[in-house]
Amino acid sequence: MYDVIIIGGGPAGLTAAIYAARRKLGVLVIAKQEGGQMARAGTVENYPGFEKIGGAELASRMEGQARKHGAEIICGEALGAGGSAGNFAVSTADKKYESKAVIIATGMAYGKLGVGGEDKFTGKGVSFCATCDGPLFAGKDVAVVGGGNAAVETAIFMEKVAREVFLIHGSSRLSGEEALQKKLKKTRLMPDSAVTSISGGKFVESIEVESLKTGEKKTIPVQGVFVHVGMMPETRLARRMGVEVGENGFIRVNEKQETNVGGVFAAGDVTGWMRQMVCAASQGAVAGSSAYSFIEKNRG
Ligand SMILES: Cc1cc2nc3c(=O)[nH]c(=O)nc-3n(C[C@H](O)[C@H](O)[C@H](O)COP(=O)(O)OP(=O)(O)OC[C@H]3O[C@@H](n4cnc5c(N)ncnc54)[C@H](O)[C@@H]3O)c2cc1C
């Protein structure tokens, strides 16, 4: 039995692992993706101690630090979780793990367009992560859908890889940071527009785009579609464990990162507090320390 199982390997989960493992707890991190959103951030300029560092590099440093202190990190998805204080079980597709405490650091899940072809072509041209899939579209034409930082970052990244990049968004102006927008060079902006369907054979071949001003529809041949239309807190497992979620969809925690379920803590974006790496890391530190106090208090 582990002392603590941490679900999620972003900055919140990895920092919780560093803090818990340094206190000599037996720590298992179950992480669907290495580094979480952090690994998708191109260049990070606001993580203290680093004037400039690649998101993937920061993720790999945090992971290395957690392992160095003794945390075990496995790549996989926690599909089920249950139990009560001192006796929890978390299962992946092929194994069940037990622990005395659980830290939920599951971050945010990608929002979807909800149009025809999106599910069918996910992994066959439709992607939610340019860092992961971008290089597959070298020399091809791609569409990025969304107007925030993630969409703009993806367009900037794909300009270096793809032949043509279309940035399709629903408002008249992009909502991503000005400094990022200035880095766009050859991206073709399509404001006041919405993707209404994605078509193809085995892989994506085209999208249909509707003007939200005139209602005019046109078909644009592309081989890739990167979807960045917002994110929502990933609370499915938490809810299954009886963890309380607020009206805004985020997990309710107190200043010790405790949830309403004894022995279950939550940290990072999934709690909704200023969604930034340094904040996720700080909550992770508190969650790791609170898990230690909980385990010490309940040691038989
Ligand atoms: C493109 C982009 C750029 C960004 N740039 C910056 C920046 O410059 N500076 C900054 O401070 N912040 C930035 N952010 C925000 C920052 O990355 C997040 O605030 C931070 O990563 C949140 O950390 P987290 O650990 O709470 O969650 P996440 O990083 O979202 O990690 C949660 C992880 O848990 C995994 N998970 C979910 N459910 C399960 C499950 N059932 N089993 C196993 N694993 C699961 C998820 O797959 C994910 O990998 C950026 C975000 C994006 C998308």
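Laboratory data are not the source of any read-out in this text; all were calculated from the coordinates shown. Small disclaimer: the values here were computed from a predicted structure and weren't measured. Cβ coordinates were reconstructed from backbone atoms using ideal geometry, including for glycine residues, and neighbour counts include every protein chain displayed.
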**Complete:** Rounded to one decimal in nm, the spacing of the 7 Å Cα→Cβ label points at E244 and K140 is 4.8 nm
**Request:** Determine the shape class of the stretch 112-227: with a ≥ b ≥ c the square roots of the Cα gyration tensor eigenvalues, call it rounded for a/c under 1.5, and otherwise prolate if a/b is greater than b/c, oblate otherwise.
**Result:** oblate
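Could you check what % of the DSSP bridge pairs in the chain are antiparallel, to the nearest 5?
On the way: 28 of 60 bridges.
Within the chain, antiparallel bridges account for around 45 percent of the total.
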**Asked** Counting each DSSP H run of 4 or more residues in the chain as -39500 (n - 2.57), what helix-only mean residue ellipticity at 222 nm follows after dividing by all residues, to the nearest 500 deg cm²/dmol?
**Response** -7000 deg cm²/dmol
**Request:** Set Lys and Arg Cβ to +1 and Asp and Glu Cβ to -1, take the dipole of the chain about its Cα centre, and tell me which of G288, V227, V204 lies farthest positive.
**Result:** G288
**Request:** Averaging over all projection directions, find the projected area of the Cα convex hull of the stretch 133-181 and quote it in nm² with one decimal place.
**Result:** 3.1 nm²
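Within the chain, which complete DSSP H helices have Cα atoms spanning at least 24 Å along the helix axis and a mean Kyte-Doolittle hydropathy of -0.5 or higher?
In the chain, the long hydrophobic H runs are 277-297.
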**Asked** Which Cys residues of the chain have no other Cys beta carbon under 4.7 Å away?
**Response** C75, C279
**Message:** Apply the a/c threshold of 1.5 to the C-alpha gyration tensor of the stretch 172-242 and tell me whether it is rounded, prolate or oblate.
**Reply:** oblate
**Asked** Taking the Cα centre of the chain as the origin, how large is its charge dipole in debye, to the nearest 20, when only Lys and Arg (+1) and Asp and Glu (-1) carry charge on their Cβ atoms?
**Response** 380 debye
**Request:** Take the alpha-carbon centre of the stretch 131-172, take the same for the stretch 46-68, and report the distance between them in whole Å.
**Result:** 25 Å
**Request:** Describe numerically, in nm with one decimal, the distance between label points set 7 Å from Cα along Cα→Cβ at I220 and at D94.
**Result:** 4.1 nm
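With a 10 Å Cβ neighbour count serving as the proxy for reagent exposure, in which order, fewest first, do Y19, Y2 appear? It would help to have the intermediate numbers written out before the result.
Numbers: Y19 25, Y2 20.
Listed from fewest to most nearby Cβ atoms, that is Y2, Y19.
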**Message:** List the lysines whose Cα sits under 25 Å from the Cα of K202, skipping any in the same chain fewer than 8 residues away.
**Reply:** K112, K120, K124, K140, K217, K218
**Asked** Given a cut-off of under 8 Å on Cα pairs at least six residues apart, what relative contact order in percent is computed for the stretch 198-280?
**Response** 16 percent
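Suppose we take every Cα in the stretch 94-147 and form the convex hull; what volume per residue is that in Å³? It would help to have the intermediate numbers written out before the result.
On the way: hull volume 9.0 nm³, N = 54.
Measuring per residue, one finds 167 Å³ for the Cα hull of the stretch 94-147.
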**Prompt:** So what are the radius of gyration and Dmax for the Cα set of the chain, in Å?
**Reply:** 20.6, 70
**Prompt:** What list do you get for M62, M190, M232 if you sort them by fewest beta carbons within 10 Å?
**Reply:** M232, M190, M62
**Item:** Extension reserve of the K202-M274 stretch, reckoned as 0.36 nm per residue once the Cα distance is removed
**Value:** 21.9 nm
**Item:** Relative contact order (%) - the chain, alpha-carbon pairs under 8 angstrom, separation at least six
**Value:** 22 percent
